[in-house]
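Read the structure below first, then the notes.
The values are calculated or read from the model by the stated rules, or taken from the named source; none is laboratory data. Everything quoted here is computed from the prediction, not taken from an experiment. Positions of Cβ are generated from backbone atoms using ideal geometry, with glycine treated the same way; all protein chains shown enter the neighbour counts. Side chains included, ligands, DNA and RNA excluded: accessible areas come from the protein's heavy atoms. Shrake-Rupley method; radii C 1.70, N 1.55, O 1.52, S 1.80 Å.
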Amino acid sequence: MNYLPLPISVFFLGVSALALFLFGKAVRGSKPAIVLSLVWMVLQSVIAVSGFYLITSTIPPHFIFVVAPPILLIAGLFLTGAGRRFVDRMDLKWCILVHTIRIFVEATLYWLFLYKQVPALMTFEAGNLDILAGVTVPFVWWAFSAGKMGRRGLFIWNALCLLSVLNALGRAMLSAPFRFQRFAFDQPTVAILHFPFVLLPAFIVPAVLLCHFAVFRKLTSSMSLPQ
């Protein structure tokens, strides 16, 4: 990895810590969820430091061990009774406010772009508009909690923001130096193969996705929305 100024890594470690804090609020301080998240973040950090994810020529790439476990865990939450009860206990307010983290993520990506660790297509200047999800969060929550936005409006906002993060995730995977790379061959997405930036796909993105799905479940539930 090319030399990066220490402040970039320190800043993103702070972003990751903030993401864990916000996620902890969303799960109402669930100790098992917070401890599991912290252990997972430490484990992924150790693996990334070892250089394991730098081996990108295999099919599937070693990076599958970053993305597959969180995806399977999220699926399990919605496929089991205990998992659904856990999701139902999540705090709607913080499931929305957690998306403010995307402002800081996009700032990090732009910073990494300047040091050629991600391509331009990962930044807001080249079509990755995920920062808008974070910027609109305070207004959306105020409008919904004040009764100026209904369930349908919140559902649409949540759907658009979910599509946005999926777009960013797709751009990252297809521009990373894997065998199936399709974009940005001159400046691929390599930052996520290293510590601490591996925490973006390992924890931050899954936490954001889970909160999106939790909001959908709450909005489509016949039960009154928890405050």
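Tabulated data
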{"item": "The chain - accessible surface per residue (Å², probe 1.4 Å)", "result": "48"}
{"item": "Karplus-derived HN-Hα couplings along the stretch 188-193 (A = 6.51, B = -1.76, C = 1.60, θ = phi - 60°), whole Hz, x at Gly and Pro", "result": "x, 7, 10, 4, 5, 7"}
{"item": "Charge dipole (debye, nearest 20) of the chain; +1 at Cβ of Lys and Arg, -1 at Cβ of Asp and Glu", "result": "760"}
{"item": "Built amide H within the under 5 Å cut-off of Arg28, gap 5+", "result": "Asp91"}
{"item": "Full-extension gain in nm, Ser57 to Ala146, via 0.36 nm per residue minus C-alpha separation", "result": "26.9 nm"}
{"item": "FRET E, pair Lys25, Ile64, Förster distance 30 Å, beta-carbon r, rounded to 0.05", "result": "0.50"}
{"item": "Distance from the stretch 83-108 to the stretch 109-165 (C-alpha centre basis), Å", "result": "12"}
{"item": "Relative contact order of the chain, defined on C-alpha pairs under 8 angstrom at six or more residues apart (%)", "result": "31"}
{"item": "With every protein chain in place, the stretch 92-142: carbon and sulfur % of accessible area (1.4 Å)", "result": "76"}
